[in-house]
Each structure stands twice: as structure tokens, then as C-alpha cells.
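Here is the structure we will look at, set down as C-alpha cells.
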Amino acid sequence: MYIELKEGVKSYGSGENTVFALDHVNFSLEKGKICVVLGPSGSGKSTLLNVLGGLDSLDGGSLAVDGVQVNTLTKKQLTEYRKNSVGFVFQFYNLIPDLTVKENLRVVSDISKSPIAVNDVLAALEIEKYADRFPRELSGGQQQRAAIARAVVKNPSLLLCDELTGALDTASSLNVLKYIEKVNSIYGATTVIITHNEAIADMADVIVRLRDGKVVSRTENSAKKSAAELVL
């Protein structure tokens, strides 16, 4: 199993004021699969994503990613884990505004251990024609594709997507999801998408539902659809 989270606990506060963002969560995913995590606000989705990405630490339990015990890594080792193994795609793009699209990718590529060629990623995401534009000169969907390209250029084995369509219209959302599917297919990155949108679950290999910090269901999707078939 590529990801194995066992009895994961993340809490805030103490005593009777303790709130469990993750309450003894078990989560597993095979390499190369797409997983969609669903749940209402406050269910623990973002905390789960942050734990998987090494942005947040567990208070209890264990997390192994590709055989590495992430919960035992030092701060320096966690930095290397995030730099070399994890790609993040956020809802609000987080592109560097004063750099062009191509320069945004090069910033990541230049510090990565085994990056993919920048031009290859631009071509895969079909944004070569925007390479010399600044983020402010792009639409929301184009910026999100650039953000995906930036996450992918480092050649991560794990791609984590946090509400990546939340700020987009339906047409742009579908296009972005098509590119996530394409990236998963071409580069084989194990992909976890957290979302409120139930329809996105149709493109997943695995669907996980969270509520109040607990996994309430985990299902293998036997009727998986392509992103192009989604009705958002």
C-alpha cells in the first residue's frame, strides 16, 4: 500500500475543550490511484491533506508513505519529503504574481531532485502559449492549470489537491479536472482530492467520506467515469 495512515489523531485544545480534527482515522491508498475525500466543513478533510503532505503532524497513530514513516521524520527530513515527494494544488493558486508562468515552474524545478522538463509539463497541461504571461493576465482556470503544472514539474509521487475547483465556474472546473486526470495518467502521481462537490467523486478510484474527524465510509468506485463525463 502506497499510503497507510493508522489510527491517526490530530486534536486541538485540552481536557473538555479538546476538538479532534482527526479522530483515530485509518486511511489507505494504492500507488497511482485517484482518491476523492468528501465531507462537510470541519470534517477533517484539510487536516488529513496537511498530514499526508507533511504540513501538519500527528498527535497519535502512524503514517507511512511509500514505505517512509512520515510521522517520525525530523523537521529537515520533512522539508525534503515535501520538496521531493509531494505536489500541492490549492484553491487559490498561490502563484508568484511577479513571475511569469514559466518562471513560476522554474522556481520549483530548480530546487527539485528529479524534475520533469518545464516545457514538457507546459505542453502536457496545454499552457505553452501562456508561458510568458503573468498570473494577473490569466483567467482563473488558466491560473489553476499553471498551479497544477507547478506542482507536477517537481515530479512528485503524491499530488494533493485542496478544493481545486472551488473558485472556478463549471466549464473551468471540468477542464481542470481533465488535466488532473491527465497528469495522473501520464506521470502516475498518486492523487488525493478533497472537495465538497459530490460529482467529482465519480472520477475517483477510491471515495472516502469524513465526518467529525472520522472516516464514515471508504468505497472502491466500480463505476469510475472520466473527467469529461462528469456532470458538475
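The values are calculated or read from the model by the stated rules, or taken from the named source; none is laboratory data. None of these values were measured; they are calculated from a predicted model. When we count neighbours, we look across all protein chains shown, and the Cβ atoms used for this are built from the backbone with ideal geometry, even at glycine. Heads up: the accessible areas ignore ligands, DNA and RNA and are worked out on the full protein's heavy atoms, side chains in. Shrake-Rupley method; radii C 1.70, N 1.55, O 1.52, S 1.80 Å.
Odds and ends about this structure:
- Local net charge near Lys129, Cβ-Cβ under 15 Å (Lys/Arg +1, Asp/Glu -1): -1
- Here the Gaussian network model covers the chain, with springs between Cα atoms less than 10 Å apart; of Asn17, Asn197, Asn175, Asn17 fluctuates the most.
- Rounded, prolate or oblate (a/c below 1.5 giving rounded, otherwise prolate when a/b exceeds b/c) for the stretch 10-113 by Cα gyration tensor: prolate
- Using only side-chain charges placed at the Cβ, +1 for Lys and Arg and -1 for Asp and Glu, the dipole size of the chain relative to its Cα centre rounds to 340 debye.
- Links that overshoot a 18 Å alpha carbon limit, given the list Lys10/Lys45; Lys83/Lys182; Lys113/Lys154: Lys83/Lys182
- CD proxy at 222 nm, helix term only [per DSSP H run n ≥ 4: -39500 (n - 2.57); per residue of the chain; nearest 500]: -8500 deg cm²/dmol
- C-alpha center-to-center spacing [the stretch 101-172, the stretch 214-228] in angstrom: 26 Å
- Charged neighbours of Pro156, selected by a Cβ distance under 10 Å, balance to +3 (K, R count +1; D, E count -1).
- When all alpha carbon pairs of the stretch 133-232 are counted in 5 Å bins from zero, the resulting P(r) reads 2, 12, 22, 25, 20, 13, 5, 2, 1 %.
- Share of pairwise Cα separations in the stretch 36-174, more than 28 Å, in percent: 22 percent
- Between Ser139 and Asp212, residue separation times 0.36 nm minus the direct Cα-Cα distance comes to 22.7 nm.
- Cβ-based charge dipole, the stretch 74-187, positive-most Cα from Ala117, Leu164, Asn94: Ala117
- FRET efficiency for Val9 and Asp132, using Cβ-Cβ distance with R0 set to 41 Å, rounded to 0.05: 0.30
- The chain, relative contact order [Cα under 8 Å, separation at least 6], %: 27 percent
- Across the stretch 1-104, C-alpha contacts under 8 Å between residues 6 or more apart give a mean separation that, scaled by the residue count, equals a relative contact order of 27 percent.
- Taken about its Cα centre, the stretch 181-221 carries a charge dipole of about 180 debye when Lys and Arg each add +1 at the Cβ and Asp and Glu each add -1 at the Cβ.
- For the stretch 125-169: Kirkwood Rh in Å [reciprocal of mean 1/r, alpha carbons]: 11.4 Å
- DSSP-defined antiparallel bridges as percent of all bridges, the chain, nearest 5: 55 percent
- The stretch 66-167 - percent relative contact order, Cα under 8 Å, separation 6 or more: 44 percent
- Carbon-plus-sulfur accessible fraction, the chain (probe radius 1.4 Å, protein heavy atoms only): 47%.
- Once the Cα atoms are used to define both axes, helix 170-187 deviates from the longest principal axis of the chain by about 80 degrees.
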